[in-house]
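Here's the structure, in structure tokens; my notes come after.
The values are calculated or read from the model by the stated rules, or taken from the named source; none is laboratory data. This one's a predicted model, so the numbers in the text were calculated from it and none came from an experiment. Here Cβ is always computed from backbone atoms with ideal geometry, including for glycine, and neighbour counts include all displayed protein chains. Just the protein is used for accessible areas: all its heavy atoms, side chains included, with ligands, DNA and RNA removed. Shrake-Rupley method; radii C 1.70, N 1.55, O 1.52, S 1.80 Å.
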Amino acid sequence: MARVALSPDGTLLAESGSDVVRTVALDDGAVVAERELDPDAPRPIAWHPDGELLAIAGYGSGATFLADT
């Protein structure tokens with residue numbers, strides 16, 4: 001089961017699958033960013049309120065950030 005998060009401005013969709021977190025532009029479907037993860041359960045994800053960063057919970061030693069738009 002994937003987890004998804006819509007960016008605050010509604011232009012990007014982030015999806016956390018079993019081994020990857022991917023950010024996609026909703027206007028054209030282009031992959032904006034992608035990060036491979038160790039195969040595991042999908043991780044919770046959340047956008048910073050300003051839409052500049054995406055937090056991935058439980059990655060490595062804590063949280064990491066994927067999208068720096």
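The figures follow:
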{"quantity": "Listed residue (Ala30, Leu12, Ala2) projecting farthest to the positive dipole end of the stretch 1-43, Cβ model", "calculated": "Ala2"}
{"quantity": "Fully extended contour minus Cα-Cα distance, from Asp27 to Asp9, at 0.36 nm per residue", "calculated": "5.3 nm"}
{"quantity": "Packing-based ranking, highest mean first, of 5-11, 20-26 given that Cβ atoms within 10 Å are counted", "calculated": "20-26, 5-11"}
{"quantity": "The stretch 1-56 - percent of accessible surface contributed by carbon and sulfur, probe 1.4 Å", "calculated": "53 percent"}
